[in-house]
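Here the structure comes first, spelled out in structure tokens, and everything after it is commentary.
Quick note: the coordinates plus some simple rules give every number you see, no bench work behind them. Here the structure is a predicted model, which means the values were calculated and not measured. With ideal geometry, Cβ positions are generated from the backbone for all residues, glycine too; neighbour counts draw on all protein chains shown.
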Amino acid sequence: MAQNASSTYLVTGGAGFIGSHLLDALLSNPTTREVRVLDNFSSGRREHLAQHAGNPKLKVNTLDLLDFPKLPPYFQGVDQVFHLAANPDARWGIENTRLDLEQETIATYNVLEAMRQNHVPRIVFSSSGTVYGDVGTTVTHEGLGPCLPISLYGAGKAASEALITAFCATFGLRGIILRFGNIVGERTTHGAIYDFIRQLAKNSGELKVLGNGLQAKPYVYVRDLVGGLMFAAQRCSELEPSKFDVFNLAPDGATSVRFIADELVKQLGFKGRTVIHYGDSAGGWPGDVPQSRMDSSKLRRAGFALPRSSDEALQLAISRIIEWLTKRAGAEDGLKLPRDASPQIAAA
């Protein structure tokens with residue numbers, strides 16, 4: 001990524017699932033001067049950062065983005081912000097209806113205000129296809145509107161997008177908004193694969209699925225997603241002040257929950273043993289978008305394309321998760337392989 005000869009990056013949520021993979025890429029880049037992580041470790045994991053212990057380029061700061069008075073000093077001298085911190089699981093907002101307001105909207109405002117005060121020029125924001133709402137199998141594109149999210153998570157992302165475009169236009173920032181599909185891979189902290197593995201670790205004989213399993217969405221392997229984030233940072237550096245852009249980042253098509261359950265059972269060596277029970281509802285929980293399709297042709301025209309289909313991304317992600325769990329020690333969340341698993345790891 002050809003940016004400044006030497007750049008300082010700030011990554012909110014840098015100890016999280018996506019953020020830690022982004023750190024791997026940034027720290028391996030010879031043009032990186034420093035990477036600052038801001039994370040409250042509510043869902044981030046210190047184990048995700050262990051491989052970089054002692055790296056003088058990495059500065060890890062335990063900080064809540066809602067504590068605004070403490071934020072501005074960390075933004076001094078920053079060239080690029082990657083704002084990834086958020087509520088990681090849309091379901092959590094059902095029980096705590098302030099969660100997405102705070103962790104998406106207010107946290108994003110605080111990041112933008114800290115940037116403004118310190119003249120930080122650029123931000124790449126991790127948004128979501130959930131901003132489009134429930135439009136069935138309509139293939140969503142960046143010009144589709146109005147965006148009518150049906151989850152508080154999606155609403156928080158949509159509000160954050162609006163704040164970013166307003167700050168860019170008003171204060172001369174530059175911003176790239178990436179609307180992600182569903183992200184999967186090793187270091188996972190939530191989601192269907194995570195939930196299924198936890199179930200199977202308790203009882204490998206059966207697996208209960210929320211909804212009828214026909215829910216289908218586009219999936220992205222996390223390391224492929226990082227390539228998109230790095231591309232977005234380069235694209236952001238090329239924008240004029242006060243400009244911003246929005247891109248979908250997802251493969252064409254979609255993968256069903258039934259495919260995920262079957263593939264996981266197969267790769268764990270449980271095929272023919274585990275009985276999968278499906279529910280009756282089209283969605284898994286209130287606010288769940290049962291069907292999602294996303295058009296990423298705008299991003300491809302700009303110069304970045306994902307290397308894998310949704311099904312391929314999931315197959316690789318499951319194999320990498322299994323491989324990761326076979327080596328994982330001292331897990332903070334207790335996620336582990338079932339004792340009776342006989343992993344049939346797929347080729348990358």
Per 0.36 nm of contour for each residue apart, how much would the distance between T326 and W92 grow if the chain were fully extended, relative to their Cα-Cα spacing? 81.4 nm
On a straight-distance basis, which lysines could pair with K271 in a cross-link, Cα separation under 26 angstrom, same-chain partners fewer than 8 positions away excluded? K202, K208, K217, K327, K336
Ignoring solvent entirely, what values of log10 I(q)/I(0) come out of the Debye formula for the stretch 166-273 at 0.10 Å⁻¹ when each Cα is a single scatterer? -0.43
For a distance above 13 Å, tell me the whole-number percent of Cα pairs in the stretch 200-263 that qualify. 74
Computed D for the chain, Stokes-Einstein, Kirkwood radius over alpha-carbon pairs, 10 °C, 1.306 mPa s, to the nearest µm² per second, is 77
In nanometres, the difference between 0.36 nm per residue of separation and the alpha-carbon distance of H141 and H277 is 45.5 nm
Here the net charge surrounding G156, from other residues whose Cβ is less than 11 Å away from its Cβ (Lys, Arg +1; Asp, Glu -1), is -2
Pick from N55, N203, N212: which residue has the top mean-square fluctuation in a GNM of the chain where Cα pairs under 10 Å get a spring? N55
For the stretch 78-138, rounded, prolate or oblate, judged on the Cα gyration tensor with a ≥ b ≥ c (square roots of eigenvalues), a/c < 1.5 rounded, else prolate if a/b > b/c? oblate
For helix 192-202, report the angle its Cα long axis makes with the longest principal axis of the Cα atoms of the chain; keep it between 0 and 90° and round to the nearest 10°. 40
When the chain is treated as a Gaussian network with springs between alpha carbons less than 10 Å apart, the largest mean-square fluctuation among K336, K202, K243 is found at K202
Using only alpha carbon pairs under 8 Å that are at least six residues apart, calculate the relative contact order of the stretch 9-52 and give it in whole percent. 53
Any idea which of L49, F167, P121 is furthest toward the positive side of the dipole for the chain, if Lys and Arg beta-carbons carry +1 and Asp and Glu beta-carbons -1? L49
Can you sort F125, F259 by how many other beta carbons sit within 10 Å, fewest first? F259, F125
Is the C-alpha gyration tensor of the stretch 74-232 telling us rounded, prolate or oblate? Criteria: a/c under 1.5 is rounded; beyond that, a/b larger than b/c is prolate, otherwise oblate. prolate
Could you size up the charge dipole of the stretch 243-348 around its Cα centre, putting +1 on the beta carbon of Lys and Arg and -1 on that of Asp and Glu, and report it in debye to the nearest 20? 300
The chain: angle of helix 17-28 to the longest principal axis, Cα-based, in degrees nearest 10: 60
In Å, the Kirkwood hydrodynamic radius of the stretch 1-108 over pairs of distinct alpha carbons? 14.4
Estimated FRET transfer efficiency (N61, N203; beta-carbon r; R0 35 Å; 0.05): 0.30
Rounded to the nearest 500, what is the chain's calculated 222 nm mean residue ellipticity when only DSSP H runs of at least 4 contribute -39500 (n - 2.57) each, over all residues? -10000 deg cm²/dmol
Tensor-based shape of the stretch 225-348 (alpha-carbon gyration tensor, a/c under 1.5 rounded, otherwise prolate or oblate): prolate
I want the local charge near A331. Using Cβ-Cβ distances under 12 Å, sum +1 for each Lys or Arg and -1 for each Asp or Glu among the other residues. +4
By how many degrees, 0 to 90 and rounded to 10, does the Cα axis of helix 222-237 deviate from the longest principal axis of the chain? 20
Taking neighbour Cβ counts within 10 Å as the exposure measure, how do Y153, Y109, Y219 sort from fewest upward? Y109, Y153, Y219
Net charge of Cβ neighbours under 13 Å - reference L58; Lys, Arg +1; Asp, Glu -1: +2
By counting other Cβ atoms within 10 Å of each Cβ, how are D67, D89, D340 ranked from fewest to most? D67, D340, D89
